[in-house]
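K.L.:
Submitted below is the structure of interest, expressed as structure tokens.
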Amino acid sequence: MQRKTQQRENIQAVLKDAARPLTVHEVLERASKNVPSLGIATVYRCVKALIEAGDVSLVEIVGEPLRYETAHLAHHHHFVCDACKKVFDVQGCVAVSTLVPHGFTLRAHEIVLYGVCASCG
């Protein structure tokens, strides 16, 4: 079991409160408001430990930096803003099982939407 630290708890709170996936640099920017001495290496170590503990999930979008979000979210998809490059959660899911060829078994799926967010639009 990992030792709880102020840094790790702060990073976990930042990811929980973000309401969208964050890059390591976004996590550092937000978390350093409460822990000014926080460094990028510590953020990487804490995020890795939180992933290993099952508390944080990795969000991989082709051509984008890795992002992280709390692991305790319901199934959802993501929206990438072409202007600000932020990634947002999209709640709900379309019935993709109707697209699976006959005789195939669907294991998982990911949908990424691209466009311009409300702030940039």
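K.L.:
Would you check which residues across the stretch 73-117 are in a loop (DSSP other than H, G, I, E, B) and more than 20 Å from the chain's Cα centre (by Cα) and list them?
P.N.:
V94, A95, V100, P101, H102, G103, F104, T105, L106, R107
K.L.:
Give the residues of the stretch 26-71 that are in contact with a Ser or Thr (Cβ under 8 Å, 6 or more places away or on another chain) and of a type in the set (S, T, Y), sorted by residue number.
P.N.:
Here is the first cut: in the stretch 26-71, the residues in contact with a Ser or Thr (Cβ under 8 Å, 6 or more places away or on another chain) are 38, 46, 51, 55-57, 65-71.
Those that are in contact with a Ser or Thr (Cβ under 8 Å, 6 or more places away or on another chain) and of a type in the set (S, T, Y): S57, Y68, T70.
K.L.:
Turning to a different aspect of this structure: Listed residues V56, V80; which is surrounded by 12 or more Cβ atoms within 10 Å (Cβ to Cβ) and touching a residue at least 40 places away in the same chain (Cβ under 8 Å)? Give the derivation first.
P.N.:
On the way: V80 fails: touching a residue at least 40 places away in the same chain (Cβ under 8 Å).
Sole residue among the options that is surrounded by 12 or more Cβ atoms within 10 Å (Cβ to Cβ) and touching a residue at least 40 places away in the same chain (Cβ under 8 Å): V56.
K.L.:
Just checking, does the stretch 8-21 include any residue being over 18 Å from the mean Cα position of the chain (by Cα) and either of a type in the set (S, T, N, Q) or not in a helix (DSSP H, G or I) (or both)?
P.N.:
Here is the first cut: in the stretch 8-21, the residues over 18 Å from the mean Cα position of the chain (by Cα) are none.
No.
K.L.:
Just to be sure, is L15 under 23 Å from T5 (Cα atoms), touching a Leu at 6+ places or on another chain (Cβ under 7 Å), open to solvent by 40 Å² or more (accessible area, probe 1.4 Å) and without any contact (Cβ under 8 Å) to a residue 60 or more places away in the chain? Write out each step before concluding.
P.N.:
Numbers: under 23 Å from T5 (Cα atoms): yes; touching a Leu at 6+ places or on another chain (Cβ under 7 Å): yes; open to solvent by 40 Å² or more (accessible area, probe 1.4 Å): no; without any contact (Cβ under 8 Å) to a residue 60 or more places away in the chain: yes.
So L15 does not fit the description; no.
K.L.:
Tally time: how many residues in the stretch 68-108 are over 19 Å from T23 (Cα atoms) and at pLDDT 90 or above? Give the derivation first.
P.N.:
To start, the set of residues in the stretch 68-108 that are over 19 Å from T23 (Cα atoms) comprises 74-75, 91-108.
Now drop any that are not at pLDDT 90 or above, which leaves 99-107.
Number satisfying all stated conditions: 9.
K.L.:
Going by the conditions given, is R30 of a type outside the set (F, W, Y), open to solvent by 50 Å² or more (accessible area, probe 1.4 Å) and in a helix (DSSP H, G or I)?
P.N.:
Working: of a type outside the set (F, W, Y): yes; open to solvent by 50 Å² or more (accessible area, probe 1.4 Å): yes; in a helix (DSSP H, G or I): yes.
So R30 fits the description; yes.
K.L.:
So, one more: What is the one condition in (1) loosely packed, with under 14 Cβ neighbours inside 10 Å; (2) in a strand (DSSP E or B); (3) not aliphatic (A, V, I, L, M) that G63 does not satisfy?
P.N.:
Failing condition for G63: (2).
K.L.:
Could I ask something else about it? Can you say whether T42 is surrounded by 15 or more Cβ atoms within 10 Å (Cβ to Cβ), of a type in the set (V, I, T) and farther than 14 Å from A13 by Cβ, as far as the supplied structure shows? Spell out how you get there, then give the answer.
P.N.:
On the way: surrounded by 15 or more Cβ atoms within 10 Å (Cβ to Cβ): yes; of a type in the set (V, I, T): yes; farther than 14 Å from A13 by Cβ: yes.
Here the answer is yes, as T42 does meet what is asked.
K.L.:
Still on this structure, I have one more. How many residues, within the stretch 20-41, are hydroxyl-bearing (S, T, Y) and touching a residue at least 40 places away in the same chain (Cβ under 8 Å)? Break it down into steps so the answer makes sense when it comes.
P.N.:
First, pick out the residues of the stretch 20-41 that are hydroxyl-bearing (S, T, Y): 23, 32, 37.
Within this subset, residues satisfying the condition of being touching a residue at least 40 places away in the same chain (Cβ under 8 Å) are 23.
Here the count works out to 1.
The values are calculated or read from the model by the stated rules, or taken from the named source; none is laboratory data. Everything quoted here is computed from the prediction, not taken from an experiment. FYI the Cβ positions are ideal-geometry reconstructions off the backbone, even for glycines, and counts take in every protein chain you see. The area values use the complete protein model at the heavy-atom level, side chains included, leaving out ligands, DNA and RNA. Shrake-Rupley method; radii C 1.70, N 1.55, O 1.52, S 1.80 Å.
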